[in-house]
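The values are calculated or read from the model by the stated rules, or taken from the named source; none is laboratory data. The shown structure was predicted, so the numbers you read here are calculated from the model rather than taken from an experiment. FYI the Cβ positions are ideal-geometry reconstructions off the backbone, even for glycines, and counts take in every protein chain you see. The protein model used for the area step is the full one, side chains on, heavy atoms only, and it has no ligands, DNA or RNA in it. Shrake-Rupley method; radii C 1.70, N 1.55, O 1.52, S 1.80 Å.
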Amino acid sequence: MVDGAREHCLQNNLSTEELKDDAEEIATALAPLVSMLLYLCSETAEIEHEHIPGLRPTNPQPKKTRHGLKLFPPAQPTFWRVGKTSGMLLG
């Protein structure tokens, strides 16, 4: 990302002095999100439905329509508890 920004600045005669500070600020802001994403992608992630124990998220399945297969949005949002036991142990 920083290399792309630097290239853009050089192509447009813009200063590159602030890129290092910006990159550090962005990395600091994204670090917890990357950790959460890696946790959610792991096979041992604690993810459970708020009201139905044992239910795990799944990918949507296409439905047959007259015009072929189509994905439909859910009727309402689903809330998932993530890392409940781990959070209690850490906190």
Scanning region 14-29 residue by residue, the ones that are of a type in the set (A, V, I, L, M, F, W, C) and under 10 Å from Val2 (Cβ atoms) total 4
Region 1-53, subset part of a helix (DSSP H, G or I) and of a type in the set (D, E, K, R), residue least open to solvent (accessible area, probe 1.4 Å)
Asp22
For region 54-91: of the residues being assigned to a loop (DSSP other than H, G, I, E, B) and polar (S, T, N, Q), which is least open to solvent (accessible area, probe 1.4 Å)?
Thr78
